[in-house]
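Where a number appears in this text, it was derived from the coordinates with a stated rule and is not lab data. In this text, all values refer to a predicted model and were calculated from it rather than measured experimentally. Glycine also receives a Cβ, built like all others from the backbone with ideal geometry; neighbour counts cover every protein chain displayed.
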Amino acid sequence: MSEPLVLGDEIFSDPHRLGALLRDEAPVRHITNPRGISGWLLTRYEDCRAALNDPRLLKDAERTTEVLGKSLDADSPYLHPAMRALDTHMLNSDPPDHTRLRKLVGKAFTPRTVARLRPRIEAITDELLDRMAGREVVDLMEDFALPVPMTVICELLGIDEADRPSFRRWVHTIVSSNPGAGVVPATEEALAFLDQLIDRKRAEPADDLLSELVAVTDEGDRLSRSELIGMAMLLVTAGHDTTVNLIGNGTLALLRAPGQLAALRADPALLPGAVEELLRYDGSVQLATYRFTSEPVEVAGVRIPEGELVMVSLLSANRDGDRFEDPDRLDLTRKATGHLAFGYGIHHCLGAPLARLEAQIAIGRLVTRYEGLRLAVDPDSLTWRFSTLIHGLDTLPVRPGS
């Protein structure tokens, strides 16, 4: 217990088993993750929920980079200025900056904005489902789960259709589990593209979210150019990648629980609650984004020193039996409110209503349209992304049936 626990592939391949072990044996554990980054991993619901809203655990992007630098080589791409430029947004800021940024962005990202997207999300979903017809095997990740939210977020931000293939390629590299040397050039190209796009939206505003973010103001305050670029990248990466894997993980969970799938098909009114249970049961974010201690912090009797990274396991918290009865069982009738899949506190995901809407439409229409939907491979052969942030499948081969 005095040395960091060095985690291997089990954090990707079997995170629920790992979470259960740590909740029982060491719910606050000094660890080194597979990327070589050291910090303190929290796994119990009560501790995780408290940490997500603890003002002593900071998210300041510049200071987080300094803390990360203790674990990473100086030439690591994750310390490159272009990569750090992606962090100039509200998710990696603390009050009062966070309060200011969220207030400005919230003016454009309203429930009404999300609600008016329903017809378009339904049309995108139906078009993709049409393309699956007659095919023996489909990779549900590539052919369905990914294009639904990517198309939605590009349309929402006002990215022209002609620019989307390049933009999607850059984003795919940036969020890749093993991006390699290509991550820095991809980031630089994406940043340059967004820089030019902001100029265009300022000169010729349109009916899209990025135009609204360029124009939004509050008592003379507005988003700076770097804040606009960082916010746009946050909306694209967080706003599509998490939803991609919510759709993928949720579909897999249903296919592995045929009784629950049959119940959902028999009663579509279960869908909103079903999505909440799928978020709890196997959400798309494994560890919350990094926080660091601004002073020594005691959690469950363990003293975490100042200047240390804190990693909050959302997957483990949502399987904690002290909070959710029989947590390893998928139950679409469960009252799953209170799960931490979208975080908690001031950093609770601003895009949660959109993610919920996309998942309800995508999963609901998929299982209704293809009643013969089934896995095309042994579920034990499926592999998971090499990512401590995103919990998602590499591929999900299915047979649509009729």
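I'd like to compare 55-65, 83-93: which one has the highest average count of other Cβ atoms within 10 Å, and what's the full order after that?
Ranked from most to least packed, the peptides come out as 83-93, 55-65.
So what is the 222 nm mean residue ellipticity for the chain from helices alone, if each DSSP H run of at least 4 adds -39500 (n - 2.57) and you divide by all residues, rounding to the nearest 500 deg cm²/dmol?
-14500 deg cm²/dmol
Calculate the FRET efficiency for residue 3 and residue 73 from the Cβ-Cβ distance with a Förster distance of 22 Å, rounded to the nearest 0.05.
According to the calculation, E is roughly 0.55.
Work through the residues other than residue 141 whose Cβ is under 13 Å from its Cβ and net out their charges, Lys, Arg +1 and Asp, Glu -1.
-4
Considering amide H positions built from the backbone, and no H for Pro or chain starts, which residues 5 or more places from residue 390, or on another chain, come under 5 Å of its amide H?
Under 5 Å from the amide H of residue 390: 286.
Would you kindly calculate the translational diffusion coefficient of segment 353-392, applying Stokes-Einstein with the Kirkwood radius from alpha carbon pairs, for 20 °C and a viscosity of 1.002 mPa s, and quote it in µm² s⁻¹ without decimals?
It comes out at roughly 169 µm²/s.
Of the DSSP beta bridges with both residues in segment 5-399, give the percent that are antiparallel, rounding to the nearest 5.
80
With a Cα-only, solvent-free Debye model of segment 19-167, what are the log10 I(q)/I(0) values at q = 0.10 Å⁻¹?
Cα-only, vacuum Debye calculation for segment 19-167: -0.64.
Can you list the HN-Hα couplings for segment 132-144, worked out from phi with the Karplus curve (6.51, -1.76, 1.60; θ = phi - 60°), rounded to whole Hz and with x for Gly and Pro?
7, 4, x, 8, 6, 9, 10, 7, 4, 5, 6, 8, 9
With Cα extents along the principal axes in Å defined as stated, name the option among (i) 74, 50, 35; (ii) 58, 58, 39; (iii) 72, 48, 39 computed from the structure displayed.
(ii)
How would you rank 273-280, 98-105, highest first, on the average number of other Cβ atoms within 10 Å across their residues?
The peptides rank, most packed first, as 273-280, 98-105.
Taking H placed 1.01 Å from N in the peptide plane, check which residues at least 5 places from residue 5 or on another chain put their amide H under 5 Å from its amide H.
When sequence neighbours closer than 5 places are left aside, the close amide H contacts are 30, 31, 32.
What order, most packed first, do the peptides 336-345, 309-318 have when packing is the mean number of other Cβ atoms within 10 Å of each residue?
309-318, 336-345
Which ³J(HN,Hα) values, rounded to whole Hz and listed in residue order, are derived for segment 269-279 from phi using the Karplus coefficients 6.51, -1.76 and 1.60 in 6.51 cos²θ - 1.76 cosθ + 1.60 with θ = phi - 60°, glycine and proline given as x?
Going residue by residue, I get 5, 6, 4, x, x, 4, 5, 4, 5, 5, 4 Hz, with x marking Gly and Pro.
Report the label-to-label distance for residue 14 and residue 113 in nanometres (one decimal), using points 7 Å from each Cα along the Cα→Cβ vector.
That separation, rounded to one decimal, is 4.3 nm.
Tell me, what ³J(HN,Hα) does each residue in segment 301-306 have, in order and in whole Hz, if you take phi through Karplus 6.51 cos²θ - 1.76 cosθ + 1.60 with θ = phi - 60° and put x for Gly and Pro?
Taking θ as phi minus 60°, the curve returns x, 9, 8, 9, x, 5 Hz for segment 301-306.
Can you give me the distance in nm between label points at residue 394 and residue 221, each placed 7 Å from the Cα along the Cα-to-Cβ direction?
Spacing of the two 7 Å Cα→Cβ label points: 4.6 nm.
Using a Gaussian network model on the chain with a 10 Å cutoff between Cα atoms, which of 331, 24, 94 fluctuates the most?
24
Calculate the length of the line joining the C-alpha centroid of segment 81-156 to that of segment 275-339, in whole Å.
23
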